[in-house]
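**Q** Starting off with a structure, shown below.
The values are calculated or read from the model by the stated rules, or taken from the named source; none is laboratory data. The structure presented is a predicted model; accordingly, all values stated were derived computationally and were not measured. Glycine also receives a Cβ, built like all others from the backbone with ideal geometry; neighbour counts cover every protein chain displayed.
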Amino acid sequence: MISRSAEKLIRKLRAKKHRQQHQLFVAEGRKVIADILKEGLHPIHWFALADSIWIAQGAEEIDPKQLQELSSLEVADEVLAVFSMPIKSNYTEGSALVLNELKDPGNLGTIMRTADWFGIKTIYCSLGTVDVFNPKVVQSTMGSIARIQIQYLEDALIYEKLSAKDIFVADMNGVPVKEIKPAGDFALIMGNESHGPSNFWKEKAKAVTIPQAGKSEIESLNVAMATAVILGCWT
């Protein structure tokens, strides 16, 4: 049965300031937790329903009502665990993504999963970007959070780390993506959902765009979808 202290901790970890203070985050669901465990992260706390296979693997039993009360999901999914945040490295090899003040947790999680699919292991985030350990982000990554190296830095520091790569920024006024093929490692900057990339990155990077093929009045693609299209062309 879950202790009062563990229950209190899980509730506190809903807030970014407490996640940062304790360097812990919450993950939920069979797929997400299985992938995180596979990458070598070990749960600090681990709770599952009585009939779950996770009990035999070391999870503590939790009442369905308690699990639902602690869950950030509309319908709790059998298992919930608390993990330490992965240790950051100075890994700079290979291509990278830069997320310039993205605000939507679902977009960040989907982009991380997309990067994982295309073999990109490094993502840099401007300081105004949504927290990667936000429960909605963790859920959207479907486990990729354990495989992607992600760092939050000021734009100028990110630019320094990208000095050896070709730098591109997704922008409506750019060169069509199919007309560009990076010769080596590249960095792709994806801007804010509403305002696009900042002037800093427009000045530092080569603009690239996805031409509209149809006659729809849609003004732009979702940022996660646009990321997938560009990476699909380049990797």
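**Q** Do we find that ASP171 is acidic (Asp, Glu) and modelled with pLDDT of 95 or more in this structure?
**A** For ASP171, the condition - acidic (Asp, Glu) and modelled with pLDDT of 95 or more - is not met.
**Q** Consider region 139-181. How many of its residues are part of a helix (DSSP H, G or I), over 17 Å from GLU101 (Cβ atoms) and of a type outside the set (A, V, I, L, M)?
**A** So the count comes out to 8.
**Q** Working only within region 114-138, note down all residues that are in a helix (DSSP H, G or I) and either in contact with a His (Cβ under 6 Å, 6 or more places away or on another chain) or surrounded by 22 or more Cβ atoms within 10 Å (Cβ to Cβ) (or both).
**A** Once the filter is applied, which keeps residues that are in a helix (DSSP H, G or I) and either in contact with a His (Cβ under 6 Å, 6 or more places away or on another chain) or surrounded by 22 or more Cβ atoms within 10 Å (Cβ to Cβ) (or both), region 114-138 yields ALA115, VAL137, VAL138.
**Q** Let me ask something additional. Please tell me if ASP131 is within 22 Å of GLU39 (Cβ to Cβ), modelled with pLDDT of 95 or more and either touching a helix residue (DSSP H, G or I) at 6+ places or on another chain (Cβ under 6 Å) or assigned by TED's automatic domain parsing to the domain that holds LYS16 (or both).
**A** yes
**Q** So, one more: Suppose we filter SER52, SER5 for residues that are hydroxyl-bearing (Ser, Thr, Tyr) and surrounded by 13 or more Cβ atoms within 10 Å (Cβ to Cβ); which single one remains?
**A** When all the criteria are applied, what remains is SER52.
**Q** Could you tell me which numbered condition TYR91 fails, if it satisfies all but one of (1) outside the structural domain of ILE44 (by TED's automatic domain parsing); (2) over 20 Å from ILE167 (Cα atoms); (3) modelled with pLDDT under 95?
**A** Tallying (1) outside the structural domain of ILE44 (by TED's automatic domain parsing); (2) over 20 Å from ILE167 (Cα atoms); (3) modelled with pLDDT under 95, TYR91 fails exactly one: (2).
**Q** Those residues that are crowded, with 18+ Cβ neighbours inside 10 Å and either closer than 14 Å to GLN151 by Cα or hydrophobic (A, V, I, L, M, F, W, C) (or both), I need them from region 92-113; list them, please.
**A** Once the filter is applied, which keeps residues that are crowded, with 18+ Cβ neighbours inside 10 Å and either closer than 14 Å to GLN151 by Cα or hydrophobic (A, V, I, L, M, F, W, C) (or both), region 92-113 yields ALA96, LEU97, VAL98, LEU99, ASN100, GLU101, LEU102, LEU108, ILE111, MET112.
**Q** Could you list all residues from region 113-127 that are more than 14 Å from GLY232 (Cβ to Cβ) and hydrophobic (A, V, I, L, M, F, W, C)?
**A** ILE123, CYS125, LEU127
**Q** Exactly one of (1) farther than 30 Å from LYS16 by Cβ; (2) surrounded by 14 or more Cβ atoms within 10 Å (Cβ to Cβ); (3) in contact with a Phe, Trp or Tyr (Cβ under 8 Å, 6 or more places away or on another chain) is unmet by THR209. Its number?
**A** Going through (1) farther than 30 Å from LYS16 by Cβ; (2) surrounded by 14 or more Cβ atoms within 10 Å (Cβ to Cβ); (3) in contact with a Phe, Trp or Tyr (Cβ under 8 Å, 6 or more places away or on another chain) one by one, THR209 breaks only (3).
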